[in-house]
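Trainee: One structure, as C-alpha cells, below. Some questions next.
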Ligand SMILES: CC(C)(COP(=O)(O)OP(=O)(O)OC[C@H]1O[C@@H](n2cnc3c(N)ncnc32)[C@H](O)[C@@H]1OP(=O)(O)O)[C@@H](O)C(=O)NCCC(=O)NCCS
C-alpha cells in the first residue's frame, strides 16, 4: 500500500523520573500518573507512524503489577501493533528501573486505540504498518482479535 511503513518506524521509548509531587500517601507513584504517561507514550508511537495529529479513542484495561517508588525511572516502550482504517492499536509496556541497582521490572502493559484526525477534525485513513519480525506478526494478529472485542463492547 502507498505510504505503508514498517512497524519498527513507530517504536518509541519515553522515560520520566517518579517525583514526590505525584506520590500517594504511601509514598509511591499514583496510578493516574502512570496512565497519563501511557497515553503520551502511546500517542508518540501513533504520531510517529501516522505523521498527523491523533486522538485517543480508547484504552483497554490496565493492571499495576508492582508499586513504583519515588526516585525510580518509569520507562515506557510503545509501538503500533496494527492499523485498521482510520484507527490503529498501539501497545505500551511500562518498565520501572531502580536507579541505584539498574534492575528493571515490568509493571504494566496497555493497549490503546488512536484515530488520525486532519486539520478540520475529520478522521483520516492511515498508512498500513507492516509487521516484519515474528513478534510483530504475533501482535498484528492478536490486535485483530482485541479489536473485535473492543467494538463489541462499544456497541453495548
Ligand atoms: C475517537 C473518535 C474520533 C471516534 O469517532 P466516531 O464518530 O466514533 O468515529 P467512527 O465510528 O468512524 O470510528 C473511527 C474509528 O475509531 C474506531 N473506534 C471508535 N471508537 C472506538 C473504541 N471505543 N475502541 C476502539 N476503536 C474505536 C472505529 O473502529 C474506527 O476505526 P476504523 O476507521 O479503523 O475502522 C471520537 O469519538 C472522538 O473524537 N473522541 C474524543 C477523542 C479525544 O478527545 N480523546 C482524548 C481523551 S478525552
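The values are calculated or read from the model by the stated rules, or taken from the named source; none is laboratory data. Since the structure is predicted, the reported quantities are computational estimates derived from the model, not experimental observations. With ideal geometry, Cβ positions are generated from the backbone for all residues, glycine too; neighbour counts draw on all protein chains shown.
Trainee: In contact (Cβ under 8 Å) with a residue 40 or more places away in the chain and either under 22 Å from residue 24 (Cα atoms) or out of contact with any strand residue (DSSP E or B) (no Cβ under 6 Å at 6 or more places or on another chain) (or both) - does that describe any residue in segment 86-93?
Mentor: No: zero hits.
Trainee: Additional query: Condition first: part of a loop (DSSP other than H, G, I, E, B) and surrounded by 14 or more Cβ atoms within 10 Å (Cβ to Cβ). Now tell me which residues in segment 1-23 satisfy that.
Mentor: Within segment 1-23, 11, 18 meet the criteria.
Trainee: Can I ask one more? If you go through segment 58-93, how many residues are closer than 29 Å to residue 151 by Cα, more than 16 Å from the ligand (Cβ to nearest atom) and touching a helix residue (DSSP H, G or I) at 6+ places or on another chain (Cβ under 6 Å)?
Mentor: Residues in segment 58-93 being closer than 29 Å to residue 151 by Cα, more than 16 Å from the ligand (Cβ to nearest atom) and touching a helix residue (DSSP H, G or I) at 6+ places or on another chain (Cβ under 6 Å): 4 in total.
Trainee: Moving on. So residue 122 clears everything in (1) over 20 Å from residue 142 (Cβ atoms); (2) in contact with a strand residue (DSSP E or B) (Cβ under 7 Å, 6 or more places away or on another chain); (3) within 13 Å of the ligand (Cβ to nearest atom) except one condition, right? Which one?
Mentor: (2)
Trainee: Need the failing condition index for residue 37 against (1) farther than 18 Å from residue 124 by Cβ; (2) within 13 Å of the ligand (Cβ to nearest atom), just the number.
Mentor: Result: residue 37 passes all but (2).
Trainee: Which residues, counting only those in segment 125-156, are modelled with pLDDT of 95 or more and near the ligand (Cβ under 10 Å from one of its atoms)?
Mentor: 125, 126, 146, 147
For every residue, the table says whether it meets (1) more than 29 Å from residue 140 (Cα to Cα); (2) touching a residue at least 60 places away in the same chain (Cβ under 8 Å).
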residue: 6; (1), (2): no, yes
residue: 41; (1), (2): no, no
residue: 46; (1), (2): no, yes
residue: 66; (1), (2): no, no
residue: 84; (1), (2): no, yes
residue: 98; (1), (2): yes, no
residue: 103; (1), (2): yes, no
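Trainee: Taking residue 121 as the residue in question, decide whether it is in contact (Cβ under 8 Å) with a residue 60 or more places away in the chain and surrounded by fewer than 14 Cβ atoms within 10 Å (Cβ to Cβ).
Mentor: It is false that residue 121 is in contact (Cβ under 8 Å) with a residue 60 or more places away in the chain and surrounded by fewer than 14 Cβ atoms within 10 Å (Cβ to Cβ).
Trainee: Residues of segment 56-74 being surrounded by 14 or more Cβ atoms within 10 Å (Cβ to Cβ) and within 16 Å of the chain's Cα centre (by Cα), which ones?
Mentor: Across segment 56-74, the qualifying residues are 56, 57, 58, 59, 60, 62, 64, 74.
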